[in-house]
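Visitor: Mind looking over this structure? Questions follow.
The values are calculated or read from the model by the stated rules, or taken from the named source; none is laboratory data. Just so you know, these numbers come straight off a predicted model, no measurement behind them. Positions of Cβ are backbone-derived with ideal geometry, glycine not excepted, and every protein chain shown enters the neighbour counts.
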Amino acid sequence: MPPRVLLRIRELIRAGQYELTDHAQEEALEDDLHRVDIEAAILNGELARVEQHQWGTRYVIIGLATDLKRPVGVVFQFNPAGRSGMIITVYEVTEKEG
């Protein structure tokens, strides 16, 4: 069973209660990733690590794009109230990362 925090992130994604930062949109465009690829990676992925930053806790999820071949990394952060979230960045995972 996925960790509780991953289940909560998936709930927010399914409900559309998240934003993509400008940075995430730029990175997605560079890697030819679409919103559905990002969502798919979160919905089928695994929590790879948790990072502590001065702006809060960030969750790195690695899953597959909609083609079920390309591994995608997604960095997610809850908004302060926890009722929505923000995708900080996305990227295609290289072999050494995955």
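Visitor: Among residues belonging to segment 49-84 that are assigned to a loop (DSSP other than H, G, I, E, B) and among the hydrophobic types (A, V, I, L, M, F, W, C), point out the one that is farthest from D32 (Cα to Cα).
Guide: So, considering only residues that are assigned to a loop (DSSP other than H, G, I, E, B) and among the hydrophobic types (A, V, I, L, M, F, W, C), the one farthest from D32 (Cα to Cα) is A81.
Visitor: For segment 63-72, does any single residue satisfy the condition of being touching a residue at least 60 places away in the same chain (Cβ under 8 Å) and over 12 Å from the mean Cα position of the chain (by Cα)?
Guide: Checked against the condition, which is being touching a residue at least 60 places away in the same chain (Cβ under 8 Å) and over 12 Å from the mean Cα position of the chain (by Cα), segment 63-72 yields no hits at all.
Visitor: Does segment 49-69 include one or more residues that are among the basic types (K, R) and buried (at least 16 other Cβ atoms within 10 Å of the Cβ)?
Guide: Within segment 49-69 (the criterion being among the basic types (K, R) and buried (at least 16 other Cβ atoms within 10 Å of the Cβ)), the answer is yes, since at least one residue qualifies.
Visitor: In this structure, does T94 turn out to be exposed (fewer than 12 other Cβ atoms within 10 Å of the Cβ), among the polar types (S, T, N, Q) and either at pLDDT below 95 or over 11 Å from the mean Cα position of the chain (by Cα) (or both)?
Guide: It is true that T94 is exposed (fewer than 12 other Cβ atoms within 10 Å of the Cβ), among the polar types (S, T, N, Q) and either at pLDDT below 95 or over 11 Å from the mean Cα position of the chain (by Cα) (or both).
Visitor: Follow-up question, since we're still on this one. Working only within segment 11-48, note down all residues that are within 14 Å of Y91 (Cβ to Cβ) and assigned to a strand (DSSP E or B).
Guide: L20, A48
Visitor: Another question, if that's okay. Within segment 27-42, track down each residue that is surrounded by 20 or more Cβ atoms within 10 Å (Cβ to Cβ) and in contact with a helix residue (DSSP H, G or I) (Cβ under 9 Å, 6 or more places away or on another chain).
Guide: A28, L33, D37, I38, E39, I42, listed by residue number.
Visitor: Tell me whether segment 85-98 contains one or more residues that are out of contact with any Lys or Arg (no Cβ under 6 Å at 6 or more places or on another chain), assigned to a loop (DSSP other than H, G, I, E, B), touching a residue at least 24 places away in the same chain (Cβ under 8 Å) and among the hydroxyl-bearing types (S, T, Y).
Guide: Scanning segment 85-98, I find no residue that is out of contact with any Lys or Arg (no Cβ under 6 Å at 6 or more places or on another chain), assigned to a loop (DSSP other than H, G, I, E, B), touching a residue at least 24 places away in the same chain (Cβ under 8 Å) and among the hydroxyl-bearing types (S, T, Y), so the answer is no.
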